Amino acid sequence: MQGLVFDIKEFSLHDGPGIRTTVFLKGCPLRCVWCHNPEGLSPRAELFVSSTCKQCGLCYRGCEHEDCRPYGRCLHICPQNALRVAGQVWEVDALADRLLAQAEMLREGEGGVTLSGGEPLLQADFCAALLERLRGRIHCAIETSGYADAADFRRVVEQCDFVMMDLKLMDAALHRRYTGVDNARILDNAVWLKASGIPHVFRTPLIPGITDTEHNLAAVRAFVGDDAWETLPYNALAGAKYAGVGRTFEYHLPT
Ligand code: SF4
Ligand code: SF4
């Protein structure tokens with residue numbers, strides 16, 4: 001079984017307890033206007049051009065490399081190292097072997113592996129198969145929007161030692177407006193998670209003028225009850241990578 005991964009970040013201190021290796025799975029069904037991972041949105045591999053590109057045009061010259069063919073640009077010639085493909089195909093076993101090779105170091109750092117994205121549950125089969133290889137050998141966590149079919153959510157989350165789940169907006173209309181999807185299935189999955197006994201924390205990104213309103217935060221707090229809940233600060237550099245994948249960042253901080 002194969003999955004599409006757009007980044008693997010080692011020594012992460014912000015994706016769960018301890019020192020972690022975070023696997024960023026490509027593709028997300030949401031379109032949060034504040035998203036800071038635009039290269040994780042599309043479920044397909046795509047070119048990412050960093051801001052160090054000097055527009056020299058070298059990469060547009062023809063080349064014979066097999067891996068460059070789908071992109072119409074040479075991935076190997078850039079003097080700025082500005083061009084890369086966001087989206088690498090991984091076999092479950094190869095990725096599990098790579099992660100398990102770090103198990104001792106991650107255990108010493110009281111951490112483990114975190115599946116993130118994008119939305120990892122968009123590749124639920126791959127996540128489930130990967131967790132099956134990792135479970136019991138390394139601490140496994142997941143960061144999820146919770147927007148997934150209930151059966152997919154449960155079969156993946158049940159294999160995790162720790163779950164970090166977003167609760168962004170409690171109002172259905174505002175959720176649709178700012179993330180592009182309804183929040184009903186998210187809330188259903190959150191209710192299940194609350195009762196599951198699986199260690200978890202709910203998280204709310206504090207987006208000025210959108211999620212950080214008194215009304216929304218009170219509603220999240222009421223829903224969460226006695227469960228763990230944390231707020232995450234707005235990433236002021238959220239828009240920095242949009243041009244790199246040909247997208248436009250449309251959120252502006254309120255003045
Ligand atoms: S990506 Fe690199 S090679 Fe291509 S135009 Fe930009 S600087 Fe030149
Ligand atoms: S759920 Fe996360 S990855 Fe998906 S659009 Fe929202 S912020 Fe981005």
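What follows draws every value from the coordinates through simple rules; no lab data is involved. No experiment lies behind these values; they were computed from the predicted model shown. For neighbour counting, all protein chains shown are included, and Cβ atoms are generated from backbone atoms with ideal geometry for every residue, glycine included.
With only alpha-carbon pairs counted, each pair once and no self-pairs, how large is the Kirkwood hydrodynamic radius of the chain in angstroms?
19.4 Å is the Kirkwood radius here.
Suppose every K and R has +1 on its Cβ and every D and E has -1 on its Cβ; what is the size of the dipole of the chain about the Cα centre, in Debye to the nearest 20?
In debye, rounded to 20, the chain gives about 700.
Please go through the residue pairs K26/K168; K9/K241; K9/K168; K26/K194 and name each one whose alpha carbons sit more than 22 Å apart in this structure.
Going by Cα-Cα distance, K9/K168; K26/K194 fall outside the 22 Å limit.
Given the range 78-160, what whole percent of its Cα pairs are spread farther than 17 Å?
Summing the P(r) of the range 78-160 above 17 Å gives 51 percent of all pairs.
Below 8 Å between Cα atoms, with a sequence gap of 6+, how large is the relative contact order for the range 1-122 in percent?
Once divided by the residue count of the range 1-122, the mean separation gives 41 percent.
What range in the chain is the longest one free of GluC sites (Glu not before Pro) that are in a loop by DSSP and have at most 16 other Cβ atoms within 10 angstrom?
159-249
Of the DSSP beta bridges with both residues in the chain, give the percent that are antiparallel, rounding to the nearest 5.
If we restrict to bridges inside the chain, about 35 percent are antiparallel.
Run the helix sum for the chain: -39,500 (n - 2.57) per DSSP H stretch of 4+ residues, divided by residue count, reported at 222 nm to the nearest 500 deg cm²/dmol.
Helices in the chain give a 222 nm mean residue ellipticity of -7500 deg cm²/dmol.
Relative contact order for the chain: what percent, with Cα pairs under 8 Å and sequence separation of 6 or more?
Relative CO of the chain lands at 22 percent.
Any idea what diffusion coefficient the range 125-255 gets from Stokes-Einstein, in µm²/s, Kirkwood Rh on alpha carbon pairs, 20 °C, 1.002 mPa s?
Calculated translational D: 133 µm²/s.
May I ask for the equivalent-ellipsoid semi-axes of the range 1-122, computed as the square root of five times each C-alpha gyration tensor eigenvalue and listed largest first in whole Å?
So the equivalent ellipsoid measures 29, 17, 15 Å along its semi-axes.
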